[in-house]
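Structure first, commentary second.
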Amino acid sequence: MSFLTLDNSQSPQTAPALHPWKSIRLDAECGGQWVVAGDVDGDGEVEIISAQNVNDADIHYTSAVAAQRLDGSLLWRWGAPNLGRRTWHHDVACQIHDWDGDGCQEVILCAQGELVELDGATGQERRRFPIPEEATDCLVFCDLSGKGRPGDVLVKDRYWNIYAYNQQGDLLWHVKEPGGYKTAHQPLVVDIDNDGRDEIMAGYALLNPDGDLRWVYSSEAVDIGRGHLDCCRVYRPGTKPADVQLVMTCCGANAIVMLNGDGQVIWEITGEHFESVDVGRVLPGSTDPQLVVDIDHVADAGPVCVFSGEGEHLGRLLTDYARHHVLLDWDGDGLDEIFVGDSCGIYSGQGERIFTLQLPEKGFPAEQPHERALVPANIAGNKRGDVVITSPQAAHVFRNDKGSTDVAFSELGSERNFTLY
């Protein structure tokens, strides 16, 4: 292991402070900590979309949404004010997507037992169609039909069922317990075989575009019957499945695993509750990306680990809580820095704090520990990854003025299928 660093609430802080470019009080009636961003009214500037959610015995749905400009002014509201909670412990089914391909963004959400499409500019309902009552856990847009754009949508309940619909609201297929196991928090869609249609990593099973089972992960070292898939990311794309590499974390089974696109194990590391994975180059000297992953459900510290693509443990940063993190090139050196939401820290690839994201106090409620999350997005329109720190009451935008431009941020806003995982 190359480094072991400690940066917690007791550590002396000497890193320079960065101040927000924009700070927004989220709408008191319909706003909440779930935040996505995009130019929903077509004026060339980003709006902040935030949402509240109802949670009843781990069944949840979107209850209210607010669209706000970067100056904090309200564009529109939808839903029942204060019916739901402003906080979350899961993804909230509310995304921004040009679903019909007309060049205008819609806001799509899962209300109670229904999928609802809102006009992005006005918040007016364009249409809604019924979905299973509990299948309101998240939304994922994909291309199952090979039309060249993500016109289909996946919805799911918390852990058992996944449903695919086309843009007209027709049910394409339903799979219960994919491969005999629970679903992932958010399905990963990826065209494994380059045929123009997306496959779905629905949990420990990869499904074909028609919902048929393609393969199931199996292991002698990892008991995947204990829990579910937490996070899956593409580590390496390829022109054929054998060349694709997928990294995933196993909740309950306490493992991080690298597979190829045929489901064959490349390596497995067990023993800790690995959660969310970021893929990027954080260390010099290698053209291959590294893996940055947090470890949750620990009592003493919030570790962030750095692994090589071969599974070598390169470093460990210990914070108070590290559940929400992202990678962005912030200084233009071609390497990604590690952002940790709870500590408001920007760290080098060696785990050393190089900047602190300073949140304003005047006019904003006190930020509570473990409530901060991060949304990477092109907010300023400079084709770089800016970062938004969100809490139940506020969103703070930190503008990236020096980082390298990135094709992932060529369009205004956050990623299409944003997830906390």
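The values are calculated or read from the model by the stated rules, or taken from the named source; none is laboratory data. Keep in mind the model is a prediction, meaning the values are calculated, not measured. Neighbour counts run over all protein chains shown; Cβ positions are idealised from the backbone, glycine included. Remember, those area values only see protein heavy atoms, side chains included, never the ligands or the DNA or RNA. Shrake-Rupley method; radii C 1.70, N 1.55, O 1.52, S 1.80 Å.
Some values worked out for this structure:
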| read-out | value |
| --- | --- |
| Only Lys, Arg (+1) and Asp, Glu (-1) charged, at Cβ; the chain dipole about Cα centre in debye | 540 |
| Cα-centre dipole for the range 136-215 with unit charges at Cβ (Lys and Arg positive, Asp and Glu negative), debye to 20 | 240 |
| In Å², nearest 10: area of Phe355 left accessible to a 1.4 Å probe | 60 |
| Assigned charges on the beta-carbon of Lys, Arg, Asp, Glu; the range 105-154 dipole about Cα centre (debye) | 240 |
| Mean separation of Cα contacts under 8 Å (6+ apart) over length of the range 282-421, as relative contact order % | 17 |
| Of Asp98, Asp386, Asp331, the one that fluctuates the most in a GNM where the chain has Cα springs shorter than 10 Å | Asp331 |
| Nearest-10 value in Å² for the accessible area of Lys383, using the 1.4 Å probe | 110 |
| Positive-pole candidate from Val282, Ser308, Ser219, dipole of the range 218-350, charges at beta carbon | Ser219 |
| Relative contact order [Cα under 8 Å, 6+ residues apart], the range 1-113, whole percent | 24 |
| Choice from Gly151, Gly103, Gly345 with maximal GNM fluctuation in the chain (Cα, 10 Å cutoff) | Gly103 |
| Note, ³J(HN,Hα) from phi for the range 288-300, Karplus 6.51, -1.76, 1.60, rounded to Hz, x at Gly and Pro | 7, x, 10, 10, 10, 9, 8, 10, 9, 6, 10, 8, 9 |
| Whole-angstrom gap from the range 75-153 to the range 335-407, using each part's C-alpha centre | 26 |
| Heavy atoms of Thr270 accessible to a 1.4 Å probe, total area in Å² rounded to 10 | 80 |
| Greater than 23 Å apart at Cα, pairs in Lys147/Lys383; Lys147/Lys240; Lys176/Lys240 | Lys147/Lys383; Lys176/Lys240 |
| The chain: most fluctuating residue of Val397, Val35, Val244 per GNM, C-alpha cutoff 10 Å | Val244 |
| Calculated on alpha-carbon atoms, Rg and Dmax of the range 172-236 in Å | 11.7, 36 |
| Pairwise FRET efficiency - Ala366 versus Asp43, Cβ, R0 = 41 Å, nearest 0.05 | 0.80 |
| Lys/Arg +1, Asp/Glu -1 at C-beta; the chain dipole; positive extreme among Gly381, Val244, Leu359 | Leu359 |
| Per-residue HN-Hα couplings for the range 336-352 [Karplus 6.51, -1.76, 1.60; θ = phi - 60°; Hz; x = Gly/Pro] | 7, 9, 9, 9, 10, x, 5, 8, 6, x, 10, 10, 6, x, 9, x, 9 |
| Lys/Arg +1, Asp/Glu -1 at C-beta; the chain dipole; positive extreme among Asn254, Ile162, Leu172 | Asn254 |
